[in-house]
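Only one structure is covered here, and it is reproduced in the block below.
The values are calculated or read from the model by the stated rules, or taken from the named source; none is laboratory data. The structure presented is a predicted model; accordingly, all values stated were derived computationally and were not measured. Backbone-built Cβ (ideal geometry, glycine too); neighbour counts: all protein chains shown. These accessible areas exclude ligands, DNA and RNA; they are computed on the full protein's heavy atoms, side chains included. Shrake-Rupley method; radii C 1.70, N 1.55, O 1.52, S 1.80 Å.
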Amino acid sequence: MRLGRLAGIEVGLHWSLAIVFVLIVWTLAGQLPEIVPGQAQSAYWLVSALAVVLFYASLLSHEMGHAIVARRLGVKVDGIRLWLFYGVARLRGDAATRGTEVKIAIAGPLVSLALAILFGATTFALDATAGPPLVEVGCAWLAGSNAMLLVFNLIPAFPLDGGRLLRAWLWQRSGDRYLAASRAAWLGRIFAFLLMGLGFLALVVQGAISGLWLIFLGWFLFMAARAEEGQVMIRGALAGLRVGEAMTPDATLAPGWITVDEFMRSYVPLQRATAFPLKTFDGALDGLVTLAQLARVAPEERQSRRVRDVGIGLDAVAKASPGEVVTSVLDRFSRSDDGQMLVIDGGQLVGTLSPADITRALAGRRRR
């Protein structure tokens, strides 16, 4: 669920947050009467709910720390997603230097440290001034939660922040960022298996429901480590590959003024392509349409809708030049154009680039 934008960064929430919210509030509301007896039941529930909301705000602040520092250092940020009791700042590409990697990785834990100190200081202030005991306990819980978030994220297991710091250190020692990423990801998977193993033991031997959380968290970390390792390795394999080497050359401009029905009957069967650059009646480059976009047009509308109205305009199409490195243009692919890119040289269309083209180029490199 898209929550909105914060400081220009899109924030999303996973549906699992609702389940976790209810479980944590229910658990905390059940513990508060033992710590602060004699309060109204509604007060326990209200303080518990507010504490969990502030914890999620703390989690968001942790990820915002990563995202803002990354953006200031020139790394693009796709957005932030909160999942279970964990957050992910989705960055486009890798840090250019070891120093950049360290600065981005340490930003989140520093935010958590500051919040732990803030809530801890508030707890002591409330205790010294005989403030509301329920509020004091809520602040103490938030201080402990942020401290736990800090410690957990500093574990040297990729893709946790500690794992990213480990990758930067291994990168410095070996001089090979891709080898460093592989080793850090391996340690991340080992840690994920340990979490799942501990969760299984807690669930089976002790019958503790908390074991399920450890299993879920371990599985998430395992998948995240594998996915990030794959992205880094792909970028390493593509290092130095130029767009001109991977693109499909000699793309033929297709008429954008004819109907979808005519285009699919008389034009598509003659071309072995999944994307078609479009031209105006005067022959000027006008945009792009894909087979997937054409197929989404209802059959009864194909005789009345123009191809140009189905595709996307030239301003919205991703573009690259033949001399650019493929890894530098990967972030330009978007869902709106079904993962297609126009390759333009000197104002002229010279080819198209798609993930399939990059895959073929990568396979060719491996064969050599």
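Of the numbered conditions (1) modelled with pLDDT under 80; (2) open to solvent by less than 60 Å² (accessible area, probe 1.4 Å), Ala202 fails exactly one; give the number of that condition.
Going through (1) modelled with pLDDT under 80; (2) open to solvent by less than 60 Å² (accessible area, probe 1.4 Å) one by one, Ala202 breaks only (1).
Could you count how many residues in segment 101-129 are of a type in the set (Asp, Glu) and either touching a Gly at 6+ places or on another chain (Cβ under 9 Å) or open to solvent by 30 Å² or more (accessible area, probe 1.4 Å) (or both)?
Keep residues of segment 101-129 that are of a type in the set (Asp, Glu), which gives 101, 127.
Checking the rest, the ones that are also either touching a Gly at 6+ places or on another chain (Cβ under 9 Å) or open to solvent by 30 Å² or more (accessible area, probe 1.4 Å) (or both) come to 127.
Residues in segment 101-129 being of a type in the set (Asp, Glu) and either touching a Gly at 6+ places or on another chain (Cβ under 9 Å) or open to solvent by 30 Å² or more (accessible area, probe 1.4 Å) (or both): 1 in total.
Is there a residue being basic (Lys, Arg), in contact (Cβ under 8 Å) with a residue 40 or more places away in the chain and open to solvent by less than 70 Å² (accessible area, probe 1.4 Å) anywhere in segment 173-184? Spell out how you get there, then give the answer.
In the first step, residues of segment 173-184 are kept if they are basic (Lys, Arg); the result is 173, 177, 183.
Those still in the list that are in contact (Cβ under 8 Å) with a residue 40 or more places away in the chain too: 177.
Filter once more, keeping what is open to solvent by less than 70 Å² (accessible area, probe 1.4 Å): 177.
Yes, there is a match, as at least one residue in segment 173-184 is basic (Lys, Arg), in contact (Cβ under 8 Å) with a residue 40 or more places away in the chain and open to solvent by less than 70 Å² (accessible area, probe 1.4 Å).
Name the strands (runs of 3 or more DSSP E) wholly inside segment 271-368 in which the number of residues that are in contact (Cβ under 8 Å) with a residue 12 or more places away in the chain and open to solvent by 40 Å² or more (accessible area, probe 1.4 Å) is 3 or more. Outline the logic, then answer.
Details: elements: 275-279, 285-290, 318-320, 341-345, 348-353.
Correct list: empty, since no element meets the threshold.
Between Pro249, Pro255, which is loosely packed, with under 14 Cβ neighbours inside 10 Å and touching a strand residue (DSSP E or B) at 6+ places or on another chain (Cβ under 7 Å)?
Exactly one residue qualifies, and that residue is Pro249.
For residues in segment 176-193 being charged (D, E, K, R) and within 21 Å of the chain's Cα centre (by Cα), which is nearest to Phe158 (Cα to Cα)?
From segment 176-193, those charged (D, E, K, R) are 176-177, 183, 189; that's our starting set.
So of that shortlist, the ones also within 21 Å of the chain's Cα centre (by Cα) come out as 177, 189.
Working: Arg177: 14, Arg189: 8 Å.
For segment 176-193, the residue satisfying everything is Arg189.
Looking only at segment 132-159, which residues are in a loop (DSSP other than H, G, I, E, B) and open to solvent by 20 Å² or more (accessible area, probe 1.4 Å)?
Result: Pro132, Leu154, Ile155, Pro156.
With (1) within 30 Å of Gly236 (Cβ to Cβ); (2) at pLDDT below 80 as the list, and Ser321 as the residue in question, which single condition is left unmet?
(2)
Just to verify a result, which residue in segment 45-80, among those that are farther than 26 Å from Gly162 by Cβ and surrounded by fewer than 21 Cβ atoms within 10 Å (Cβ to Cβ), is nearest to the chain's Cα centre (by Cα)?
The extreme case among them is Val53.
As an exercise: evaluate Ser42 against (1) in contact (Cβ under 8 Å) with a residue 24 or more places away in the chain; (2) part of a helix (DSSP H, G or I) and give the number of the one condition it does not meet.
So the condition that Ser42 fails would be (1).
Could you go through segment 194-217 and let me know if any residue there is over 22 Å from the mean Cα position of the chain (by Cα) and on the phi > 0 side of the Ramachandran plot.
Yes, the conditions are met somewhere in segment 194-217.
Pairs under 7 Å by beta carbon, first residue closer than 13 Å to Leu217 by Cα and outside any strand (DSSP E or B) in segment 79-92, partner open to solvent by 50 Å² or more (accessible area, probe 1.4 Å) and modelled with pLDDT of 70 or more, six or more apart or different chains?
Between residues of segment 79-92 that are closer than 13 Å to Leu217 by Cα and outside any strand (DSSP E or B) and residues that are open to solvent by 50 Å² or more (accessible area, probe 1.4 Å) and modelled with pLDDT of 70 or more, the close pairs are Leu84/Phe216.
Say whether the condition of being more than 23 Å from the chain's Cα centre (by Cα), under 18 Å from Ala105 (Cα atoms) and open to solvent by less than 60 Å² (accessible area, probe 1.4 Å) is met by at least one residue in segment 160-170. Give the steps one after another, and end with the answer.
Restricting attention to segment 160-170, the residues satisfying the condition of being more than 23 Å from the chain's Cα centre (by Cα) are 169-170.
Narrowing the set further to residues that are under 18 Å from Ala105 (Cα atoms) leaves 169-170.
With open to solvent by less than 60 Å² (accessible area, probe 1.4 Å) added as a condition, the list becomes 170.
Yes; the residues of segment 160-170 include at least one that is more than 23 Å from the chain's Cα centre (by Cα), under 18 Å from Ala105 (Cα atoms) and open to solvent by less than 60 Å² (accessible area, probe 1.4 Å).
Given the options Ala7, Ala18, Ala95, name the one that is on the phi > 0 side of the Ramachandran plot and modelled with pLDDT under 85. I'd like the intermediate steps shown before the answer.
Details: Ala18 fails: on the phi > 0 side of the Ramachandran plot; Ala95 fails: on the phi > 0 side of the Ramachandran plot.
Of Ala7, Ala18, Ala95, the one residue that is on the phi > 0 side of the Ramachandran plot and modelled with pLDDT under 85 is Ala7.
Give Ala225, Ala202 a once-over and let me know the one that is free of Cβ contacts under 8 Å to residues at least 24 places away in the same chain and hydrophobic (A, V, I, L, M, F, W, C). Can you show your working first?
Numbers: Ala225 fails: free of Cβ contacts under 8 Å to residues at least 24 places away in the same chain.
The match here is Ala202.
Tell me which of these Tyr86 doesn't satisfy, since it passes every other one: (1) open to solvent by less than 40 Å² (accessible area, probe 1.4 Å); (2) of a type in the set (Ser, Thr, Tyr); (3) modelled with pLDDT of 85 or more.
Single failed check for Tyr86: (3).
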